[in-house]
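Here is the structure we will look at, set down as structure tokens.
Nothing in this text is a laboratory measurement; each read-out follows from the coordinates by a stated rule. All values reported here derive from a predicted model rather than from experimental measurement. Virtual Cβ from ideal backbone geometry, glycine too; neighbours counted across all protein chains shown.
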Amino acid sequence: MTLHWVSWAIVGLATAGVITRPFAWPEYIWAAGGAVLLVAFGLLSPVSALAGIGKGTDVYLFLIGMMLLAELARQEGLFDWLAAQAVSMARGSATRLFTLVFAVGAIVTIFLSNDATAVVLTPAVAAVTTAAGVKDRLPYLLICAFIANAASFVLPISNPANLVIYASHMPPLLEWLPRYALPSVLAIGLTYAALRWTQRAVLRGAIASDVVRPALSDGGRMAAAGIAGTAIVLLVSSGFGLQLGLPTLLAGVATAVLVMVRSRSGLVAVLRQISWGVLPLVAGLFVLVESLQQTGVTAALAAALQGLVRNSATQAAWVAGIVLAVGSNLVNNLPAGLVAADVVAIANVPERVRSAVLIGVDLGPNLSVTGSLATILWLTALRREGLYVGAWAFLKLGAVMMPPALLLALGAALLR
């Protein structure tokens, strides 16, 4: 038992390092460092650590594909072209631009996933706000973080965590939509209202309406077609119950080949700009979860959930959804989702409990900067733009945004 406490302490410290980033070190150093310490102290065997890393293979492939698409689009000027179109449509209104960005964020999340919103949309919004001459760009960029989680259970592909929670028991799309349509609408609507209200002072100002519209190059058109094609590939893959990582990577590679044939972009230049530190971060988180599973945490949580279900399935659903929403901010929703999937499978819970678990894992991360992988990717994209959002500042905003949306979404799901 003493060794278990040591393992939990290392996991806790590593997670705290990811959240607070002491010495301004990147998040991946803390996650990967915790994983190395677990193996070095003999608390986790090298074989188990490699098994944990291996469980993230689909996530790594998905992220590489999305980051490749985003960098191609940036270098080919697609984001600058989209920025000019958005500024023109806003017609000098900061509020109209805010609403437009939010709507686009919801669409990208629904059809490309929340991680894509962080990776692809964030640099596009940065370009939009620069073109519009916005003095304070942060309110518009915050949209990318919050909508990425709020809209992430509209479709199964809207969040890779959805596929983890349901595993081989994914309901058909015609069952999914009635189950999650109302909770999704409430979560998205309340998130928009809360974010616009908290940023109302900034949105009172005017923005530029007359900007130079750059021509879109052949490479930019190819990048746009590649992103649209990837959305179709993800929908089809999800419909057939396939994992999304390899299709996303292949779509990204195919787009890169087409773009480089029609443009002067070099592969080395594209690869050099990708934020590769995300991969060891995810790998480290998977190892930390593997440690928790081997110390009996999963089995204990499954037994506790079974006890709640025997007493009241509805009460169990409320407890599971809220606990996971909070817990996802403590350990990140990627590992939390992995643990939750195992717990749900072991406990053999009713469908309403599984729905509450999924909503908690997807929506709960809107509380903190490290609640979801999408938000961490968003932070990485912000740093490339020279912007920084502190954990405390985001938490104060998340405390206004997340709890009401979570309670409404859970209530709607359980009422059905």
Reduced to Cα centres, the span from the stretch 226-246 to the stretch 342-377 in Å works out to 22
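For the stretch 166-299, what ratio Rg/Rh do Cα atoms give with a Kirkwood hydrodynamic radius?
On the way: Rg = 21.3 Å, Rh = 20.1 Å.
Taking Rh as the inverse mean 1/r over Cα pairs, Rg/Rh reads 1.06.
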Log10 I(q)/I(0) at q = 0.10, 0.24 Å⁻¹ for the stretch 150-240, from Debye over equal alpha-carbon scatterers, is -0.49, -1.11
Projecting the Cα atoms of L244, L173, L415 onto the charge dipole of the stretch 2-415, where Lys and Arg contribute +1 and Asp and Glu -1 at Cβ, the residue farthest towards the positive end is L415
Residue separation between L138 and A254 times 0.36 nm, minus their alpha-carbon distance, gives in nm 38.4 nm
For the chain, the longest principal axis of the Cα atoms and the Cα long axis of helix 373-384 enclose an angle in degrees, to the nearest 10, of 40
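Provide, as a two-decimal number, the C-alpha radius of gyration of the stretch 40-154 over 2.2 N^0.38 Å, N being how many residues it has. Please list the in-between numbers first.
Details: Rg = 17.9 Å, N = 115, 2.2 N^0.38 = 13.4 Å.
Ratio of Cα Rg to 2.2 N^0.38 Å: 1.34.
Between A208 and L173, what is 0.36 nm times their sequence separation minus the Cα-Cα distance? Round to one decimal in nm.
Working: separation 35, 0.36 × 35 = 12.60 nm, distance 4.21 nm.
The A208-L173 span can extend by a further 8.4 nm.
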Check: C-alpha center the stretch 274-300 vs C-alpha center the stretch 110-130, spacing in Å is 26
Toy charge model, Lys and Arg Cβ at +1, Asp and Glu Cβ at -1: the chain dipole around Cα centroid in debye, rounded to 20, equals 820
Here the Kirkwood hydrodynamic radius of the stretch 193-246, Cα-based and in Å, equals 15.5
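Compare the peptides 296-304, 361-369 by average per-residue count of other Cβ atoms within 10 angstrom and give them in order, highest first.
Values: 296-304: 15.8, 361-369: 29.7.
Taking the mean over residues of other Cβ atoms within 10 Å, the ranking is 361-369, 296-304.
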For the stretch 1-97, averaging the sequence separation of alpha carbon pairs under 8 Å that lie six or more residues apart and dividing by its residue count, the contact order in percent is 15
Projected onto their principal axes, the Cα atoms of the stretch 257-350 stretch, largest extent first, over whole-Å spans of 65, 27, 21
For the stretch 266-416 the mean separation of alpha carbon contacts under 8 Å (6+ apart) over residue count, i.e. relative contact order in percent, is 24
Per-residue ellipticity at 222 nm attributable to helices in the chain (runs of n ≥ 4 DSSP H, -39500 (n - 2.57) apiece, nearest 500 deg cm²/dmol) works out to -24500 deg cm²/dmol
With a ≥ b ≥ c from the Cα gyration tensor eigenvalues, square-rooted, and the rule rounded for a/c under 1.5, otherwise prolate when a/b > b/c and oblate otherwise, the stretch 220-300 is oblate
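Determine the relative contact order of the chain: mean sequence separation of Cα pairs under 8 Å and six or more apart, normalised by residue count, in whole percent. Show your work: numbers first, answer last.
On the way: 672 pairs, mean separation 102.8, N = 416.
Result for the chain is 25 percent.
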Rounded to two decimals, the Debye log10 I(q)/I(0) of the stretch 82-208 (Cα scatterers, no solvent) at q = 0.11, 0.21, 0.22 Å⁻¹ is -0.40, -1.11, -1.19
Of 45-57, 21-33, ordering from highest average Cβ density within 10 Å down gives 21-33, 45-57
